[in-house]
1. In nanometres, what is the gap between the two model label sites at GLN257 and SER234, each 7 Å from Cα along Cα-to-Cβ?
2. Hey, of (i) 16.9; (ii) 15.1; (iii) 23.4, which did the structure itself give for mean projected area of the Cα convex hull in nm² when calculated?
3. Between the helical axis of 287-296 and the dominant principal axis of the chain, each derived from Cα atoms, what acute angle in degrees is found, rounded to the nearest 10?
4. Please compute the length gained on full extension between LYS63 and LYS101, using 0.36 nm multiplied by the number of residues separating them and subtracting their Cα-Cα distance.
5. Checking the table LYS148/LYS228; LYS63/LYS158; LYS148/LYS223 against a 22 Å threshold on Cα-Cα, which pairs fail?
6. Rounded to the nearest 20 Debye, what is the dipole magnitude of region 125-297 about its Cα centre when Lys and Arg each give +1 and Asp and Glu each give -1 at the C-beta?
7. Lysines within cross-link reach of LYS303: Cα-Cα under 16 Å, excluding same-chain residues under 8 positions apart?
8. On C-alpha positions alone, give me the angle between the axis of helix 36-49 and the longest principal axis of the chain, in degrees, nearest 10.
Amino acid sequence: MGKTKELSQDLRDRIVDLHKSGMGYKNISKLLGIKVTTIGAIVRKFKKYNMTINRPRSGAPQKISPRGVAMIMRTVRNRPATTQQELVNDLQAAGTKVTRKTIGNTLRRNGLKSCSARKVPLLKKAHVEARLKYANDHLKDAQSDWEKVPWNTVPTVKHGGGNIMFWGCFSAKGTGLLHRITGKMDGAMYRAVLRKLKMGRGWVFQHDNDPKHTAKATKEWLKKNHIKVMEWPSQSLDLNPIENLWRELKVRVAKRQPTNLNDLEMICKEEWAKIPPDMCANLVVNYNKRLTAVLANNGFVTKY
């Protein structure tokens, strides 16, 4: 049996109006060519709920408990490379049997679009050697040294067919500036953003080897302002803890469902400011684990 075509909103409203004017179900049925039972159902729905649109269906009950959902989200945030099958196995060990499709649906409802394997950067021999040198050089750095590092990057936040590029930073004390980038970010724009940070002596600035970062004018500005720059190995997103905060931000933004680009920008900045300082501090406190992982993996990309 085929599915019955749903009546339009205008037609439903007209049925209610005709009934209010005193016309009976049978007369409305003859006038509009709609079954009497359908007329009656629409009128009764209006009397009970004061609306003619279809109410949201509750759907099937969720197979994963709130505690299970929390466990999934915690696992994915701590280990972004976790696969759907690994999450299925974790839940089964806890007494809940689900499929990978259920895991995927749960992730999407909580702001994560997929659990596909992330793209791993292609590392040449020079990249691997630079990563190993960085890890060895900083493995024994004191915790207080890492607390003086502002970590930064330029991500793109997407939603609803639109996207915005930001420059953002954080330190052990919490999230810092989140600046919207309009157009292409060149050296002059980059230095203008750095001026807003008001960094003083003692800070060790982290940025990658992008041309605008290594430009002569940028180097001179950093030197003039007595800002020491950390030597950074190329192709090393896994060594930059701010990547974890971008994932956190995207989950938070997805839950708020921005409707346009201005809304997206406002929500991004609000949610960035709400990220707990403890989360930032933990990323810095555990930084040496990243270095250890690089050494253990012979300089290649790690789980971070």
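1. According to this spin-label approximation, the distance is 4.4 nm.
2. Working out mean projected area of the Cα convex hull in nm² from the coordinates points to (iii).
3. 80
4. On the way: separation 38, 0.36 × 38 = 13.68 nm, distance 1.15 nm.
Taking LYS63 through LYS101 to full extension adds about 12.5 nm, to one decimal.
5. Pairs exceeding the cut-off: LYS63/LYS158.
6. Numbers: 29 positive and 18 negative charges, 83 e Å.
My answer is approximately 400 debye.
7. Cross-link targets: LYS119, LYS289.
8. Between helix and principal axis, roughly 50 degrees.
Laboratory data are not the source of any read-out in this text; all were calculated from the coordinates shown. Owing to the predicted nature of the structure, the values given are computational and were not obtained by experimental measurement. Using ideal geometry, Cβ is built from the backbone for each residue, glycine included, and neighbour counts are taken over all protein chains shown.
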